[in-house]
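The values are calculated or read from the model by the stated rules, or taken from the named source; none is laboratory data. Keep in mind it's a predicted model, so treat the numbers as computed, not measured. Virtual Cβ from ideal backbone geometry, glycine too; neighbours counted across all protein chains shown.
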Amino acid sequence: MLTATKTLSGLMGLCVGDALGVPVEFTSRAERVKSPVTTMLGYGTWNQPPGTWSDDSSLTFCLAESLCRGYSLDAIANSFWRWYKQAYWTARGDLFDIGQTTHAAIMRLKQGILPHQAGGKVENSNGNGSLMRILPMAYCHKIVTFNELIARVHDVSAITHAHARSQMACGIYISIAIALLEGANPQAAYLQGLEKIQSIYSEREYILEKPHFGRIFSGEIAKLPVEEINSGGYVIDTLESSLWCLLNSSSYSETVLKAINLGGDTDTTAAVVGGLAGIYYGVENIPQAWINQIARKQDIINLAERFAAAVYT
Ligand SMILES: [Mg+2]
């Protein structure tokens, strides 16, 4: 497979999921059961035209682009600041959605606080705001060792989300994404991803947090009934619901629509799982009609090419 196809599969998979979810963000599961999303809509919650992606994709593109020039936490933080200040990497020049914890961290960066110190550290700063933008880190799996990569994932999370729970959610997600990039199917990638990160999260600094990931580490998240799957903005809910959708679907479109029709934080759940589904099914299996509606499609394709050249050489 062309390496640019590999990077585009993840980036476009995430972005299309985000854009599908934006018009119905914050709607309830009951509403989605009554009126399920089946294709790309527009307007709704944020009154944006079809194909408009949000903060999830913007910050993902900022990270991917920054990684094109090598790994620098300062450069990544600076690109997040440019997004906030100059609407950099926004779909249509307008920043219409930002999480509280991300906003607070960007304000701290503005005051000159270093990226290492900027992120929210308290327990209630565990929204899904770093999980939704961490995917590009998986593509560095050929550049550094797994343990070094996970350390970097924790640091990149900590720019906005510095609590161990958010960092671990990102680490587990990236470990699974790497297994998918290496060719595993979703069920195998889920188990391999957990297996690979097990020793890191058995260390003392993470052990107290591990029970929060109990349903994920059981290896049986897919078997839970839908009533037990929460789809709000809490990072554990987003990781669980994303894996649940990935493991209970058999195409890209089924995966992301299932995520959106759980209701709640629709765009982020669909973005998080859309990245994984994009990697597994490939960009060629994302409905072309949806891709054609995506704002700045060509810019995203160009970014995927530059990113592939940087991480796969
Ligand atoms: Mg969003």
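Any chance region 271-278 includes a residue that's under 22 Å from E25 (Cα atoms) and free of Cβ contacts under 8 Å to residues at least 40 places away in the same chain?
There is no residue in region 271-278 that is under 22 Å from E25 (Cα atoms) and free of Cβ contacts under 8 Å to residues at least 40 places away in the same chain.
May I ask you to list the residues in region 43-88 that are in a loop (DSSP other than H, G, I, E, B) and more than 15 Å from the ligand (Cβ to nearest atom)?
P49, P50, C68, R69, G70, Y71, S72, Y88
Considering each of T60, T52, T45, T90 in turn, give the residue that is in contact (Cβ under 8 Å) with a residue 24 or more places away in the chain, surrounded by fewer than 23 Cβ atoms within 10 Å (Cβ to Cβ) and among the hydroxyl-bearing types (S, T, Y).
Only one candidate passes the filter, namely T90.
Identify, from the list E195, E240, E228, E220, the residue that is acidic (D, E), crowded, with 21+ Cβ neighbours inside 10 Å and modelled with pLDDT of 95 or more.
Every option except E240 fails the conditions.
Given the conditions (1) buried (at least 17 other Cβ atoms within 10 Å of the Cβ); (2) touching a residue at least 12 places away in the same chain (Cβ under 8 Å); (3) farther than 16 Å from R306 by Cβ, which single one is not true for R108?
Answer for R108: the failing condition is (2).
Tally up the residues in region 245-270 that are hydrophobic (A, V, I, L, M, F, W, C) and without any contact (Cβ under 8 Å) to a residue 40 or more places away in the chain, please.
1
Please enumerate the residues belonging to region 1-38 that are under 12 Å from A308 (Cα atoms) and either in a helix (DSSP H, G or I) or of a type in the set (F, W, Y) (or both).
Across region 1-38, the qualifying residues are T3, A4, T5, K6, T7, L8, S9, G10, L11.
Do any helices (runs of 4 or more DSSP H) entirely within region 209-313 hold 2 or more residues that are hydroxyl-bearing (S, T, Y) and within 16 Å of the ligand (Cβ to nearest atom), and if so, which?
235-247, 266-281
Report whether or not G70 is modelled with pLDDT of 95 or more, under 30 Å from T145 (Cβ atoms) and not acidic (D, E).
Against the criterion (modelled with pLDDT of 95 or more, under 30 Å from T145 (Cβ atoms) and not acidic (D, E)), G70 qualifies.
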